[in-house]
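For reference, the structure is listed below as structure tokens.
Each value in this text was obtained by applying a stated rule to the coordinates, not by laboratory testing. All figures in this text were calculated on a predicted structure; none of them were measured in a lab. All Cβ positions, glycine included, derive from the backbone under ideal geometry; neighbour counts span all protein chains shown.
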Amino acid sequence: MKNNTLKKLACALLVTLPAVASAQNYPQGSIEFIVPFSAGGGTDFASRVLTEKMAEQQGWNFVIENRGGAGGNIGLAQLTRAAKDGQVLAMGQTSNMAINPTLYANIPYDALTDFTPIALVSSQPMVVAVSKQSAYDDFAALVEAARENPGKVSMSTPGAGTVSHLAMEVFSNQADIEFMHIPYPGAAQAVTDAIGGHVDFVAASLPSVLSHLRSGSLKALAVTSRERNDALPETPSVAELGYEGFEASDWKAVVGPAELPEDIVATLNAAVNEALQDERLRTTIENEGSTVEGGTAEEFADFLQAEHARWADAVTASGATVQ
Amino acid sequence: MDFFGNLGLGLQTALSLTNVFYCFVGVFLGTLLGVIPGIGVLAAISMLFPITFHMEPTSALIMLAGIWYGTSYGGSTASILLNVPGTPANAVVCLDGYPMAQQGRGAVALFMTTVASFVGGSIGIVILTLFAPVIAQYALSMGSAEYFSLMLLGLVAATGIADGSAVKGFVMVMLGIFLGGIGTDVYTGTQRFAFGIPELGDGISLVALAMGVFGVAELIISVGSVKGKRFESSDLTLRAMKPTRDDMKRSWRPMLRGSGIGSFFGALPGTGPSLAAFIAYAIEKRTARDPSRFGKGAIEGITAPESANNAADQTSFIPTLALGIPGSPTMALMLGALIIHGITPGPGLMTEQPSLFWGLVMSFWIGNVLLVILNVPLIGIWVRLLAVPYHLLFPAVLMFICLGTYSVNNSTFDVLLVMVFGALGVGMRKLAFPAAPLILGFVLGPMMEDHFRRAMLLSSGEFATFVQRPISATLLAITAALVLWSTLSALRARRRSTSQ
């Protein structure tokens, strides 16, 4: 009897499985959302804010799974093993989709073919900031100091191979200067030592320095986005200071496993964009210092291609590597 | 507004019905999470994080903070009763707490850790209330050279933490440093001893190590040596909780010293409660008239570290609130809860958001009082746990250890590591290698390396940087004096024993 029920159940499952992968009856139960970083970081924050809003608007149920490790590679690798029905999604970002493929000697996926791009969620520029007591009043003075004393002006970053580090490597190459790179295990310590004046300046994402810029313990000299940022209207972008075309941002985007059916991608993309329209969610993301993105899945796919190629060059030029 | 006006405003905010409720929810959850081995406060707070979007920022912070300092109250329970630490910060309490439980004084130990926690927490709050801005500025002046010298002092001070052979203790410190070195080198990205395993590239989790060598090892060892009756029913009465006059007399100085040490380490970003507890224990043992009592149920061995980790819990809010600098990922989440509401943590917080700042600080008092009210009656229930037969209790504890370790990073690899370290722990116990120095080396080693290399980078390779900077030089001088003093006293002891 019991055996029989099990067989029936198995049959029922087999029959329904192919039907699952269509938008009409999507999603089937709760959606597993992989955050490839530990709880409490920026990616975790963005994922929780976004999925909470999507759950509220669509009536879906999300289960967040923090699966950190190896610069975000382990969590994304887990996504490649998921069924192609959209029940498992992940938050990809600049490091694990555009930088790590070149930075890491061994990476268990191909960022361009192993995933289905769904939607860009948010982005944040890097900020070059100095302590309030610093003698450097503007970005040009900092660059000039580094030009006169190559390798003497110290720069703290959240780590070797992070977006902040590589963005400054790209800049140094373009400006033909050299900073003394002091990597830290994470943004908090890098920022702290800049406030304390132990390093000449810090390069870190806007959310990690914004509260210190507001409270006045740090001064922003430049942002790495192409345009100025709304949170720092007074701070010039690196590009407008004469380094044409310079741009670096740390973005986050929802991705699914490869070969996700088109209608499910469309459903998910619409849901993400609807969530991103919400006034409250926008304020939450902007308060943190990020910019709300959104857009179609195709736009994100093209963007990903471009970013992948751009950061590959940056990594190669910097000589950084993780064995 | 004057100081007392601020305190009044804070009390008014903290005593509102909603805030007292959230404070209770926080400390209750914290106690539970602390009692269950392995389950970390970070996982709990990040799960509750989205709820805080819809709450008043003050209430949200009061609740999250309650979880944070509540775990330290609950964390010593399993350390004392089962020799399984609830959190890494309570691991050192195993050393004397468990022997006390074996002597039938488990209830006294639990009561005294609650008292010690309250004393530590209170002193931490007083320091936070009176000196936050001053201390915060001082903490900022600590660069990598200063941190290195401080860690060196800590390591030297803590060398005598374990009983028995000094050589074995040294070997364990070295093994700890080695285990701490596994992972990706911050400066070059080179993988050290990772054997191509991506999980090892991020280093070994402290929770996995502490749960393995203390918790799992204890369970395995006890299976081989089951005694019949482990408790007397008289252990469970209220009277059994009452400490002797001697207990009180021995405890109050260690509590004060522990609170001081804890307040100091808590205020430094990046150090925190675990380190504070270990150093406090080591200092008690060093300054004790009869260090041989330690490891056999000395009450100082539980009160000092418990005061220290609770004081550190409170003072770790100093850099977080006064500078906006999170000393740990958990503190970063609390800052996040503020930033989401558009509040800027930092020097302006006290003047711009006085009701939030002082309300939070005053809620710490309420939370600590609630914790005492909550924990004292619970002691009877926890002690009763020992009445559960081994064959039911131990599988349950083992399951919780695995669950807790898994919850830190949702990693099955970490669960495997717990088992590996459990086996290592059994081997260490059989060969009488102490576990505490291993944890200490594991915590301090990588921090020392990191700060040493950064100080050298910043000084362009000048070793002199460690003595040219006044704070660093002072710390090194104290370290040298300590080494000299211990060598001399060891020599004197030897001369005395040979002349007899």
For this session: Mind checking which of B:Ile51, B:Gly461, B:Ala322 is farthest towards the positive end of chain B's charge dipole, using Cβ charges of +1 (Lys, Arg) and -1 (Asp, Glu) about the Cα centre?
Result: B:Gly461
For this session: Starting with the fewest neighbours, write out B:Thr18, B:Thr77 ranked by other beta-carbon atoms found within 10 Å of each beta-carbon.
Result: B:Thr18, B:Thr77
Seminar exercise, completed: Residues B:Trp365, B:Trp358, B:Trp252 in order from fewest to most other beta-carbon atoms within 10 Å are B:Trp252, B:Trp365, B:Trp358
Exercise. Among the aspartates and glutamates, which have Cα under 13 Å from the Cα of B:Lys430 when same-chain residues fewer than 8 positions away are ignored?
Worked result: B:Glu218
Problem set entry | Cut-off 15 Å between beta-carbons: net charge of the residues surrounding B:Ala65, Lys and Arg +1, Asp and Glu -1 | -2
Exercise. Counting partner chain Cβ atoms within 10 Å of every residue's Cβ in A:61-70, what's the average?
Worked result: 4
Problem set entry | Peptide B:448-454, shielding by other chains (average Cβ, 10 Å cutoff) | 2
Problem set entry | Cross-link reach list, aspartates and glutamates versus A:Lys132, counting only Cα pairs under 17 Å and skipping chain neighbours closer than eight places | A:Asp193, A:Asp200, A:Glu234
Problem set entry | Simple label model, 7 Å out from Cα along Cβ direction - B:Met47 to A:Ala309, nm | 4.6
For this session: Quick one: which residues, 5 or more positions from A:Val121 or on another chain, have an amide H under 5 Å from its amide H? H modelled 1.01 Å from N in the peptide plane, none for Pro or chain starts.
Result: A:Lys252, A:Ala253, A:Val254, A:Gly294
For this session: Post the alpha-carbon centroid distance, region B:328-405 to region B:156-212, in whole angstrom.
Result: 28
Seminar exercise, completed: Mean per-residue count of partner chain Cβ within 10 Å for B:51-59 equals 1
For this session: Putting +1 on Lys and Arg Cβ atoms and -1 on Asp and Glu Cβ atoms, find which of A:Thr43, A:Met126, A:Ala160 reaches farthest to the positive end of the dipole of chain A.
Result: A:Thr43
For this session: Towards the positive end of the charge dipole of chain A, with charges on Cβ (+1 Lys, Arg; -1 Asp, Glu), say which of A:Asn73, A:Ser215, A:Asn149 has the farthest Cα.
Result: A:Asn73
For this session: Please give the FRET efficiency for B:Ala166 paired with B:Met248, using the beta carbon to beta carbon distance and R0 = 25 Å, rounded to the nearest 0.05.
Result: 0.15
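Using only DSSP helix segments of four residues or longer, with each worth -39500 (n - 2.57), what per-residue ellipticity at 222 nm results for the protein assembly as shown after dividing by its residue count and rounding to 500?
-19500 deg cm²/dmol
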For this session: Return B:Leu458, B:Leu484, A:Leu241 ranked ascending by Cβ neighbour count within 10 Å, so the fewest neighbours appear first.
Result: B:Leu484, A:Leu241, B:Leu458
Seminar exercise, completed: In order over region B:84-91: 3J(HN,Hα) from phi, Karplus 6.51/-1.76/1.60, θ = phi - 60°, whole Hz, x for each Gly or Pro, gives 10, x, x, 9, x, 5, 9, 4
Seminar exercise, completed: With a ≥ b ≥ c from the Cα gyration tensor eigenvalues, square-rooted, and the rule rounded for a/c under 1.5, otherwise prolate when a/b > b/c and oblate otherwise, chain B is rounded
Seminar exercise, completed: With +1 at each Lys and Arg Cβ and -1 at each Asp and Glu Cβ, the charge dipole magnitude of region A:125-241 around its Cα centre, to the nearest 20 debye, comes out at 300
For this session: Hydropathy first: keep DSSP H helices in chain A averaging at least 0.5 on Kyte-Doolittle, then drop any whose Cα extent along the axis falls short of 15 Å, and list what survives.
Result: A:2-20
For this session: Enumerate the helices in chain B for which the Kyte-Doolittle hydropathy averages 0.5 or more and the C-alpha atoms extend at least 24 Å along the helix's axis, using complete DSSP H runs.
Result: B:17-35, B:57-82, B:106-140, B:354-385, B:390-409, B:412-430, B:436-458, B:470-499
